[in-house]
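Data first, discussion second: the structure below is written as structure tokens.
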Amino acid sequence: MTTDEEAPSHAGADPYAHVLRSGHGPVYLRLTDGRRIRMPVHRWYAQPTGADESVLNRCVGPVLDVGCGPGRLCRALLGHGVPALGVDVAPRAVAHTVALGGRALCRSVFDRLPAEGGWQTVLLIDGNIGIGGDPHALLRRCVQLVSPTGVLLVEVGPYDVEELCTAWFENVHGHRGSLFPWARLGAQALRRIARDLALGVTDQWQSGNRCFLALGHQGPSSGCPC
């Protein structure tokens with residue numbers, strides 16, 4: 001069997017589409033300054049981890065999973081009887097989610113979505129706070145989607161960082177996908193943006209090396225420092 005490391009890099013092949021088709025990596029997020037970050041492809045296709053469960057246990061339906069990928073979180077929620085919908089711009093990710101019994105739309109979070117203003121939980125997990133390269137705009141959009149009594153559950157970096165950048169997906173052979181804007185945030189940066197949008201931090205927690213915050217319209221800031 002040919003592994004990803006042994007497979008040729010075909011001209012025109014998109015590295016991200018390839019891992020979505022095959023279900024295994026490696027694939028890297030390459031930043032314009034040369035840094036390369038390995039993406040957790042195995043986690044995307046595995047059963048929810050303990051860290052994932054710490055998020056799922058805080059979800060109240062209906063749940064919108066922004067950037068759902070292959071849909072492990074929204075499928076897990078549906079399996080526990082919690083209404084959930086994923087959205088993702090990658091057709092292969094959405095097809096995988098639906099094929100395994102999940103519900104997902106191939107759509108940008110900035111497109112018109114069902115039940116705007118009625119979601120009780122909106123998820124931005126697996127670094128998806130970086131979508132669009134503008135966390136202010138992304139969170140402002142999520143505020144439009146979530147119910148006034150709902151919550152945004154956001155995964156951030158485990159250290160303090162606030163970075164807007166341009167990136168692309170790259171395989172082990174250096175073959176690149178298209179450029180796209182991206183962002184990387186730690187907890188303190190997310191807190192500052194949340195304050196700008198009149199959101200409070202209602203919870204903050206760590207599980208292993210992953211860090212999460214809950215943002216809502218009500219409640220004082222709380223939680224452990226990450």
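Listing for the model above:
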item	result
Accessible carbon and sulfur surface of the chain relative to its total accessible area, %, 1.4 Å	54
Restricting the range 60-146 to trypsin sites (Lys or Arg not before Pro) in coil, as DSSP defines it, with at most 13 other Cβ within 10 Å	Arg112
Fraction of antiparallel bridges per DSSP, the chain only, in percent to nearest 5	65
Computed label-point distance, nm, for sites His136 and Ala17 using a 7 Å Cα→Cβ extension	3.5
Nearest-20 debye value, the chain charge dipole, Cβ charges on Lys, Arg, Asp, Glu	220
Residue among Val63, Trp168, Leu20 farthest towards the positive dipole end of the chain, charges placed on Cβ	Val63
Arg43 paired with His80, simple spin-label distance in nm, labels 7 Å along Cα-to-beta-carbon	1.8
Accessible area of the chain divided out per residue, in Å², using a probe of 1.4 angstrom	46
Exposed GluC sites (Glu not before Pro) absent: longest stretch of the chain, with sites in DSSP loops and at most 11 other Cβ within 10 Å deemed exposed	7-226
Extension reserve of the Glu162-Arg176 stretch, reckoned as 0.36 nm per residue once the Cα distance is removed	2.6 nm
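The values are calculated or read from the model by the stated rules, or taken from the named source; none is laboratory data. As the structure is a computational prediction, the values presented were derived from the model and not from experiment. Glycine also receives a Cβ, built like all others from the backbone with ideal geometry; neighbour counts cover every protein chain displayed. Ligands, DNA and RNA are excluded from the accessible area calculation, which covers all protein heavy atoms including side chains. Shrake-Rupley method; radii C 1.70, N 1.55, O 1.52, S 1.80 Å.
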